[in-house]
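This report concerns only the one structure given below.
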Amino acid sequence: MTDSTSLLITGANVIDATGERLADVRIADGTITDVATGLTAADGEHHIDAAGLTLTPGFVDLHTHLREPGKEEAETIETGSRAAAKGGYTAVVAMPNTDPTQDSVSVVDFVRRQGQLAGLCDVYPSGSITVGRQGTQLTPFGELSEAGVKLFTDDGNGVQDALLMRRAFEYAKGLGVTMAQHCEVEQLTGGAVMHEGDCCSHLGLPGWPSLAEELMVHRDIELVRLTGAPAHFLHLSTMKSVELVRAAKADGLPVTAEATPHHISLTDELLRSYSAIYKVNPPLRTMDDVTAVREGLRDGTIDAVATDHAPHVPESKEQPLDQAPPGMLGLETALGVCIAHLDMPLVDIVAALSWKPAAIAGIDDVHGRPVAVGEPANLTLFDADVSWEVVPAELASKSRNTPFVGVPLRGRTTHTILDGTLTVENGTPTR
Amino acid sequence: MSRSLLSIEELGADGVHRILELADTMAEVNRRPNPKVPALRGKTVCSVFFEDSTRTRLSFETAAKRLSADTMTFAVSQSSLSKGESLKDTIETIAAMGVDAFVIRHGSTGAPWLVDNWTSASVVNAGDGWHAHPTQALLDMYTVRTALGRTGGFDGLRVAIVGDIKHSRVARSTSAAFHAMGADVTWVAPRTLLPPVFHEHHTESLDDVIGPDGSGVDVLYMLRMQNERMTEALVPNLREYTSRFGLTPARAARLAPHTLIMHPGPINRGVEIAVDPAELPGAVITQQVTNGIAVRMAVLFDLLSADADPTSDLERPDFA
């Protein structure tokens, strides 16, 4: 049975959590209706010849800054959703460092509703751990979880107060939600501009020592051990952090972790250009750290690739290093960076981009699902072999602060399907 | 010859030697009754200082005027920057008025490099953040060169740079310049006043560097110690700092007569130098200031004279 709204994808290399195979896939009314070989398009059916392409569950970004409300000049939920779709994402978790902060039901409802209006990917608002991300008072976890919030974080800041963080873990444990920590002991990073090491020493810039991240990773692991509550570690960047999480997992603790595309591909040496395009938080680290983070992804210590997509208007990045805000774009380049820089089987890369983050976000009932009959049609089709470079004017994001202009990437989304509808077709957003 | 002077590293050993030789010519101009030549007539040099500075700004302006360049001074506190205009817009606006060189000091590392990207004018780094201060390093080299008569280079010269190296653009650039000239450099400081990673010889004992008979060092370069370093818990107090790292009367009395005492100024009297510099036979601190003008004349001439007015009757390098 097909109808005029159905879509047939033929000849794709299908990858999902169950494995890899060649198959044709038919979608109707938002659901996968056929997975077989030798399917042919019916009259009026939209047909995509996907020979040579890879079809996977849609990507899920655990870490997106959509900037709305409050910083719409850099990104809106619509433009960020479009960038996500272009990158192959069908779902994003919106970070709470908006203005106002996502610390109340009204704000998270606004974010979700704007995502629905845009209709380009599912936007799942996170909630902040503390009111206004000020690190002093817990947000109403119960109300927010009833409003659908599954992930809580003060991202941009770590929760400095160990007692408050203990209370957060304890209080949240019964609610089935996860605390996601931006690990940074701020007493060690005051004024920091970049990784503390050889490069910052040469440039005479205040350094962000690896220890500042590792101390908080260690603290939270011990709080997880004490409370039994799950923790997710955002954007891990150092060798020792990876080792700490590896040991915690070996101890059976309920911890997960993510790494960004830039922390697996770029080093602090790039700051010698004095370009703030390379300024991020946590900062770009050394090649040894990059290697360790890659290895963490390879052996599963780090569960997910998350973009930390952080749009900024051009003027803010055209400033000296110490004055420019941290952050870079990520949604449209994540796949290309991962395939270019991760020496891993493609199935493992897709796992880190799709079903593993979906599970961490608590949305694996809808996203990251197997490509099978009856499953929701949230899917991504990409060319895993194509080499390409970013053309700034072609970015869907409202901002342009990507370090990957002129850098060869490998692998690019051709089609993204959200709830059975094409949001990206032949590399171009459909709306 | 490059368009701009941003760091000693970019200048390289050959560039350092070239500037120092040119500075000899400029020093000769400065000794004349009328120390002014028309070498950069028609050129405009704009000083843009985002940090307070007296000696460096006046030194550059004097240098430019002695070469007959027109000078502009951009006062940040009276500028559109205070209305929120960006650095880039400010620079592009000034450049549009027709500027041949920007002399820029900025509290942020790399700012002169950004300015260099935004303008076709020459850019001279007059100090950025804790990072670089190449003309200070050049005037230091010129001072050592003239004081010791070492025109061929500094091979075998033992240099100690003492104090707050971590926050010092002077220390970074001057160390690089001494290396370019062939000297051996030792940093003398507590670990809290050093960069996190460094590749210099290091000691915490100034007495060991000076040696029991004062013959262990040829150049003692004392850095300014700022009070705020105490509140940052980098040193317990200035009394202890002076006793461990200051040029005290006892240490000064032990120095060999040939040892040069240098300081980028302004001096914290009684802290890094606890002796009247006038009583130090090897002190060349005043000469550093004087030489600054000749060296900055050399830098401006080096950068701007290539396309100088060909109708000028005074062409490089003849200033007679």
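The values are calculated or read from the model by the stated rules, or taken from the named source; none is laboratory data. Remember, it's a predicted structure, so these values are computed and weren't measured experimentally. All Cβ positions, even for glycine, are placed from backbone atoms using ideal geometry, and neighbour counts span all protein chains on display. What goes into the accessible areas is simple: the full protein's heavy atoms, side chains included, and nothing from ligands, DNA or RNA. Shrake-Rupley method; radii C 1.70, N 1.55, O 1.52, S 1.80 Å.
Hey, got the dipole for the stretch A:59-361? About the Cα centre, +1 on K and R Cβ, -1 on D and E Cβ, debye to the nearest 20?
On the way: 23 positive and 41 negative charges, 103 e Å.
That gives the stretch A:59-361 a dipole magnitude of about 500 debye.
At 1.4 Å probe size, with every protein chain present, just tell me what the per residue accessible area of chain B comes to in Å².
40
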Other-chain or far-sequence residues with amide H under 5 Å of A:A180's (modelled H): A:F152, A:T153, A:H232
Cut-off under 5 Å, modelled amide H: who pairs with A:V14 long-range: A:R21, A:L22, A:A23, A:L55
Gyration tensor verdict on the stretch A:59-361 (Cα atoms; rounded if a/c is under 1.5, prolate if a/b is larger than b/c, oblate otherwise): rounded
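For the protein assembly as shown, give the percent of accessible area contributed by carbon and sulfur heavy atoms, probe 1.4 Å, rounded to a whole number. Please list the in-between numbers first.
Values: 13740 of 27620 Å².
So the carbon and sulfur contribution to the accessible surface is 50 percent.
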Over 21 Å (Cα to Cα) - which of A:K173/A:K240; A:K240/A:K356; A:K71/A:K398; A:K71/A:K356; A:K150/A:K279 fall in this group: A:K173/A:K240; A:K240/A:K356; A:K71/A:K356; A:K150/A:K279
Rounded if a/c under 1.5, otherwise prolate or oblate - the protein assembly as shown, Cα gyration tensor axes: prolate
Shape category assigned to the stretch A:318-401 from the gyration tensor of Cα positions, a/c cut at 1.5: prolate
Residues with amide H under 5 Å from that of A:L39, placed H, sequence gap 5 or more: A:D24
Test item: A:192-205 mean partner chain Cβ contacts at 10 Å: 5
Residue (of A:P345, A:I360, A:L226) at the positive-pole extreme of the protein assembly as shown, dipole from beta-carbon charges: A:L226
Dipole of the stretch B:134-287, positive direction: furthest Cα of B:P196, B:L138, B:T242, with charges on the beta-carbon: B:L138
J(HN,Hα) series, the stretch A:146-162, from Karplus relation 6.51 cos²θ - 1.76 cosθ + 1.60, nearest Hz, glycine and proline x: 5, 7, x, 7, 10, 10, 10, 7, 9, 2, x, 9, x, 6, 6, 7, 5
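To the nearest 20 debye, what is the magnitude of the charge dipole of the protein assembly as shown about its Cα centre, counting +1 on the Cβ of each Lys and Arg and -1 on the Cβ of each Asp and Glu? Provide the component values of the computation, followed by the final result.
Details: 61 positive and 97 negative charges, 461 e Å.
Charge dipole of the protein assembly as shown: 2220 debye, to the nearest 20.
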Alpha-carbon centroids, the stretch A:120-150 and the stretch A:356-409: separation in whole Å: 25
Protection proxy ranking, peptides B:24-34, B:109-119, A:310-320, A:27-37, average beta carbon neighbours within 10 Å, highest first: B:109-119, A:310-320, A:27-37, B:24-34
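Within 10 Å of each Cβ of B:103-114, how many other protein chain Cβ atoms are there on average? Don't skip to the answer; put the middle values down first.
Working: counts 0, 0, 0, 2, 3, 9, 13, 14, 6, 2, 5, 7.
Shielding by partners across B:103-114 averages 5.
Under 8 Å for C-alpha pairs, at least 6 residues apart: give me the relative contact order for the stretch A:310-371, rounded to a whole percent.
Values: 30 pairs, mean separation 12.1, N = 62.
Relative contact order comes out at 20 percent.
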Karplus-derived HN-Hα couplings along the stretch A:41-51 (A = 6.51, B = -1.76, C = 1.60, θ = phi - 60°), whole Hz, x at Gly and Pro: 6, 7, 4, x, 7, 6, 10, 10, 7, 9, 4
For the stretch B:286-298, 3J(HN,Hα) per residue [Karplus equation, 6.51 cos²θ - 1.76 cosθ + 1.60, θ = phi - 60°, Hz, x = Gly/Pro]: 5, 4, 4, 5, 4, 5, x, 5, 4, 5, 6, 4, 4
Proximal lysines to B:K36, defined as alpha-carbon separation beneath 21 angstrom and excluding residues fewer than eight positions away on the same chain: B:K65
Simple spin-label estimate for A:A393 and B:R191 in nanometres, 7 Å along Cα-Cβ: 5.5
